[in-house]
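Worksheet: the structure to be examined is printed underneath.
Each value in this text was obtained by applying a stated rule to the coordinates, not by laboratory testing. On a predicted model such as this, the values are computed, not experimentally measured, just so you know. Note that we place each Cβ from the backbone using ideal geometry, even for glycine, and neighbour counts take in every protein chain shown.
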Number of protein chains: 4
Amino acid sequence: MPEIRRLRMAAAGLGRMGARHANHFLHRTPKAELVAAFTPDPKEIEWARKNLEPWGVTLYMNYDEMLKHEGLEAVCIATVTTVHAEQTIKAIEAGKHVLCEKPLSTKLEVCEKVLTTSSAHPELKVMCGFSRRFDSSYLSAYNLTTSGSIGRPTILRSQTCDKYDPSGFFVQYAEFSGGIFVDCNVHDIDLALWFFSSDGKRPKIKSAMAVGVTALESGLEEHGDVDNGIGIVEFYDGQIAYFYSTRMNPPGQHDMTEIIGTKGKLSVNAHPTAGLLESHLPSGIHREIPQNYYERFEHAFVEEARQFTDAVLENKNVPIDMEGSVEAVRIGVALQDSLQLGKKIWFDREGKRVEEESILKARL
Amino acid sequence: MPEIRRLRMAAAGLGRMGARHANHFLHRTPKAELVAAFTPDPKEIEWARKNLEPWGVTLYMNYDEMLKHEGLEAVCIATVTTVHAEQTIKAIEAGKHVLCEKPLSTKLEVCEKVLTTSSAHPELKVMCGFSRRFDSSYLSAYNLTTSGSIGRPTILRSQTCDKYDPSGFFVQYAEFSGGIFVDCNVHDIDLALWFFSSDGKRPKIKSAMAVGVTALESGLEEHGDVDNGIGIVEFYDGQIAYFYSTRMNPPGQHDMTEIIGTKGKLSVNAHPTAGLLESHLPSGIHREIPQNYYERFEHAFVEEARQFTDAVLENKNVPIDMEGSVEAVRIGVALQDSLQLGKKIWFDREGKRVEEESILKARL
Amino acid sequence: MPEIRRLRMAAAGLGRMGARHANHFLHRTPKAELVAAFTPDPKEIEWARKNLEPWGVTLYMNYDEMLKHEGLEAVCIATVTTVHAEQTIKAIEAGKHVLCEKPLSTKLEVCEKVLTTSSAHPELKVMCGFSRRFDSSYLSAYNLTTSGSIGRPTILRSQTCDKYDPSGFFVQYAEFSGGIFVDCNVHDIDLALWFFSSDGKRPKIKSAMAVGVTALESGLEEHGDVDNGIGIVEFYDGQIAYFYSTRMNPPGQHDMTEIIGTKGKLSVNAHPTAGLLESHLPSGIHREIPQNYYERFEHAFVEEARQFTDAVLENKNVPIDMEGSVEAVRIGVALQDSLQLGKKIWFDREGKRVEEESILKARL
Amino acid sequence: MPEIRRLRMAAAGLGRMGARHANHFLHRTPKAELVAAFTPDPKEIEWARKNLEPWGVTLYMNYDEMLKHEGLEAVCIATVTTVHAEQTIKAIEAGKHVLCEKPLSTKLEVCEKVLTTSSAHPELKVMCGFSRRFDSSYLSAYNLTTSGSIGRPTILRSQTCDKYDPSGFFVQYAEFSGGIFVDCNVHDIDLALWFFSSDGKRPKIKSAMAVGVTALESGLEEHGDVDNGIGIVEFYDGQIAYFYSTRMNPPGQHDMTEIIGTKGKLSVNAHPTAGLLESHLPSGIHREIPQNYYERFEHAFVEEARQFTDAVLENKNVPIDMEGSVEAVRIGVALQDSLQLGKKIWFDREGKRVEEESILKARL
């Protein structure tokens, strides 16, 4: 009787999202086992002593030590964004497969460095965790798209709307977030890249333009950021994506996407709801929606862990390639720049930013 | 460092639903471990050799042997309905906790025998698996009900609508199913008992009446069964539940419930959907719904396994008591009898069936 | 140039609904002109002096006088239910076409007398106003049914749920209403008769049974009525309709119908809403529903006036025949009787009520 | 007894929409009477001979003659867009009130000329027919906005999505339409101006930028137009509107708007449907949506006629002022220019277009 081969994982970072990832690999990914976990944070270590150690997970407060854990094969990185890239590179260099929370970095050069390192190690699976790609509704939409149900995907509209958090968290976080287009809309950008390449060809950005306002959190302004942002991205060969993100959606998380093709449209989450319950009360009919992205995408995160594990164990391609993940950051950064500069940013067909004049001339 | 205490489970029956239960305890219930599994069926054993044994599960083709498995603490029974009761009783007598798929039996006397046995062993947790009680939408509805949001629950409407299966399965199965009200509506009946006891008092049945037709599966008639059934149950003290079930719902599974109180109504699944995707095509707007009860209630089954496990480990009451589960069968049987007799069936306040005249006289 | 021929109408009864009918014929039915109106009520006459007379409508406080109005061709009767039948008969005998608000009477014998009179005057159009038949959603459902989209209509579920009116109106009104099944569910019964005859054959009632409770308006009990009623009606040849009505729906009017066929189901108003607006607020997502049946069916009433007018002007059959309207009352009365007697009421194939025993014997 | 005073209207243009307007004033606006109608088109005259003349409407094939019709008080102009402005000016100069179909003109200078003329005649009511403002869902949204339910309206998203018409009509029409932003999104722009002035202050445009593609109708390119357009408009003082329009929506007309405030969001038509019917079939659940803007907004058009009539008869302000209607065209033209120039267009606080550099300098 052959025994089951399980992937030996470590979890790096045990904050809100990191703890969830650790739990997913520990309890909800049958073919993986969580053998180690790292956090530099004493409070998080305390949590891990109660919740991970009794299940046989070895805890580390030093990332490099953790990488040396006997038999470790792969790392799930969910530390603060600022160290994602460095830890990913170290893990790759230590010969570990990596699942890294998005974004790799808010800085494009840093992302590219990770890409270079990962490209030099084709034997390792390295994947950036764009969780929406594992959501069953998005997966169904993607399958309908590739099967031709909606013709050629032409326009994509996508939004990331967070519940308003009156604690001031968004302002404190603004210094590190990379801005609303890199932090929130990077998911929507990734969806655009995904759906627009459903014919097998990678879409090429042509222009990016963005505007925004600070409606509630005026403190964001000093970071050049906004709490409501709208961006449009043109791609060469006639495709356009446009995005909205807000930090002030009152009832909860409302992420929605429309993929508009020449023969049909797919809409994901046009009628948001947290479940199948409605209350009929004297004040009308009421329903609730998820309160945060984890409530909305919990099962997608679990599926992400499963698919990453399978890709490593069976030596298959990971479902999200690194080039696309870096491209998503590039586009997010361009939108953020457009927001701050107040002007449209142009790219040539090689993906290099160019001055507007040269593009307009090239048209003649 | 204290090690985690996990409940040592066995799975009995590895058919469609049994295999799912086995997987839930094996992979999706962190505090349980599946140590043994039983099936008398060679095909199912083959499946188990591939899917359970490599995970360290010992397989048995003899139920009594399985009960003797070293260290076994609890059994999940999902064999054919006809042996549920016998196996439950054996497990209890062997000192094991039991989670048994509904219904305990389609025969009331048999159910009552299980109840007697289980009552004699208060140290053991015995629970019948009415999965809907663990669905998040039903749980939210229940919490709103107990918190008084809708006043006194007065009317409950609930339906179980299965996708049409043209294979003739329903006719073959009719001999053992107990009839549509026992097989399908028993879930709806259980919901009525649950919501109507949300004030802490168990509702008492006053009358049952049912009608039905065989619209597509005329073969059901020889079993005294129908493929569309409608039943009404009156309870003493002014509460009424009414039910519908069908074997011919075209797009898939559509189970729906309304709890109507003196101040509000809660509706679960009035707007059925399999996810958050809609297709906008030349022919209109389309969405899909779950194809079967597992697609609809998968997460509820997992939650059921978790809550049962917790109840045993922490020696708490199981969330569904046996008296209610037997009462649900009693009501289902009464509806089935009413269907066949073509008349209303009356109960006195002690739950004993009485002749109509005596009730009508008692009114005077 | 031929001038337009317009139907000369009178409106009898100018209460809440009567005033609306008067307005529909006056302002919203181009091919009709309202030439006269009658009410015995001084307050209503005052309203009419302001709202009808300036448009050239002659007012009457004597019904018989109104019938003698020069050139009058047809009457729309929306007086109190108790005089519907008498006024309808008088109008017919005066040679006028009649559109009468439902129900003709809450008493079956009276209905039948109207039917006899109307049958004796085949040259006159006489129609009972079951407004839902003119609602665009019901019309679409009916067209899909007759076109075979759902196979044979087998089960019909329909409900009439009124917003709770705390004024005590329902209790005062109970003396005249005929009871909840005659007053509310008569619409649902009419729908069952309509959809079940979509193959051209009129369905024949086989049994009726009903139960109910008085949850909020205990004063209804002395009238033998309830504020929540549930009824089931079996028809010969394998069709069943079941009904619910309540006087205590908190958010407003929620009338809903499902027509369940052997190949598909049509649902009307499963997702009730007053329009296309939803509010996303910190407390969740909210929408409103119509507050009363007129808000829900306003356009259906206008369409009813138009179709009645056309039928008269073009000498076509009216869309609702009198036999069916009387049959709806017969069924409503049977349900009300079943509610009070606590037993099932049986009919033979000729539509005569029979004792249960004879039916059960006939089965042998 | 005072007789009713009714407004004597003429209808100019009896094409598809013009015929509807004529009917609305003739049959569905009680306080108006249609006394005259004009069309230069022989086919339309033929229609009018059958449908208007028998109701007493005098027909004209010369617009100037029609203006001289005895007793005429107001004109509803629904001729081809290219003559809207000229006919409006003539009507004003002849002392008639005017309800003119949108847009006044696709040329800004022409719109301004109408504005000048109308300003010189404050005794006359002149209104441009932005029909959505009279839709009950938009009206409810507006009332919730002015009552403060959603805080300060900050972002507005609005789309106009037409059913795909494979006849090539859109290409033929492109020469006169003014382009997709002027023809379609002018409604959405008007909504932005309406909701953003709900605090009593008129919003001032700061920038406009647009992109688009021709996905299906390549013939549009020679007119500088597209079949899918996306535009963003910034207003001074922190408000942004963004728009989408398409000529290729497969299931029908899907116009949708979200008004996003600092405390809540209102969504109009997120869950589009043509009525309250859904079909549950083997292929899933289906519903239809309106096939064109008239199916969606029929009742709004009738309400528009009613409100215009009331404003004239009672000498009240018309609900839509001319300045705003001209501003909507100005913004539409700016978006169309941005589409063609490939750059963002800036406005100073006085509403004058300025070069980008001057704005960017002004920031320093």
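I'd like the mean, over residues of A:224-236, of how many other protein chain beta carbons sit within 10 Å of each residue's own Cβ. Let's see the in-between values first.
Working: counts 0, 0, 2, 2, 7, 2, 8, 2, 7, 1, 5, 1, 0.
So the per-residue partner count for this stretch is 3.
Taken along its three principal axes, the alpha carbon spread of the protein assembly as shown comes to 100, 95, 47 Å, from the longest extent down to the shortest.
For residue D:151, nonlocal amide neighbours, meaning residues 5 or more places apart or on other chains whose placed amide H falls under 5 Å from its own, are D:263.
Taken about its Cα centre, the stretch B:145-228 carries a charge dipole of about 840 debye when Lys and Arg each add +1 at the Cβ and Asp and Glu each add -1 at the Cβ.
Convex hull volume per residue, computed on the Cα atoms of the stretch B:7-129, equals 88 Å³. Per the Debye formula on identical point scatterers at the alpha carbon atoms of chain C, with no solvent, log10 I(q)/I(0) at q = 0.06, 0.08 Å⁻¹ is -0.23, -0.41. Sites counted here are GluC sites (Glu not before Pro) in a DSSP loop (not H, G, I, E or B) having no more than 15 other Cβ atoms within 10 Å; the longest part of chain B that contains none of them is B:124-313. Per-residue mean of foreign Cβ neighbours for C:209-215 is 6 (Cβ atoms of other chains, 10 Å radius). Simple spin-label estimate for residue D:121 and residue A:283 gives 5.0 nm between the two label positions (7 Å along the Cα-to-Cβ direction from each Cα). Counting, for every residue in C:88-100, the Cβ atoms of other protein chains within 10 Å of its Cβ and taking the mean gives 0. For chain C, the longest principal axis of the Cα atoms and the long axis of helix C:42-51 meet at an angle of about 60 degrees.
Rounded to the nearest 10 degrees, the angle from helix D:81-93 to the longest Cα principal axis of chain D is 60 degrees. Only Lys, Arg, Asp and Glu carry charge here, each on its Cβ (+1 for the first two, -1 for the last two); on that basis the protein assembly as shown has a dipole of about 0 debye about its Cα centre. Karplus-derived 3J(HN,Hα) values for the stretch B:54-62, using 6.51 cos²θ - 1.76 cosθ + 1.60 with θ = phi - 60°, are x, 8, x, 8, 7, 9, 9, 10, 10 Hz; glycine and proline are entered as x. For chain A, the 222 nm mean residue ellipticity estimated from helices alone, with every DSSP H stretch of n ≥ 4 adding -39500 (n - 2.57) and the total spread over all residues, rounds to -11500 deg cm²/dmol. Evaluated with a Cβ-only charge set (Lys, Arg +1; Asp, Glu -1), the stretch A:7-129 carries a dipole of roughly 400 debye about its Cα centre, given to the nearest 20. Taking the DSSP bridge list for the protein assembly as shown and keeping only pairs wholly inside it, about 55 percent are antiparallel.
For the listed residue pairs B:263/B:343; B:263/C:344; A:352/D:204; B:96/B:163; A:107/A:352, the alpha carbons are over 25 angstrom apart in B:263/B:343; B:263/C:344; A:352/D:204; B:96/B:163. On C-alpha positions alone, give me the angle between the axis of helix B:293-313 and the longest principal axis of chain B, in degrees, nearest 10. It is inclined by approximately 60 degrees. Restricting the stretch D:246-334 to trypsin sites (Lys or Arg not before Pro) that sit in a DSSP loop and have at most 13 other Cβ atoms within 10 Å of their own Cβ leaves D:316.
The trypsin sites (Lys or Arg not before Pro) of the stretch D:1-63 that meet both conditions, a loop assignment by DSSP and at most 14 other Cβ atoms within 10 Å of the site Cβ, are D:5.
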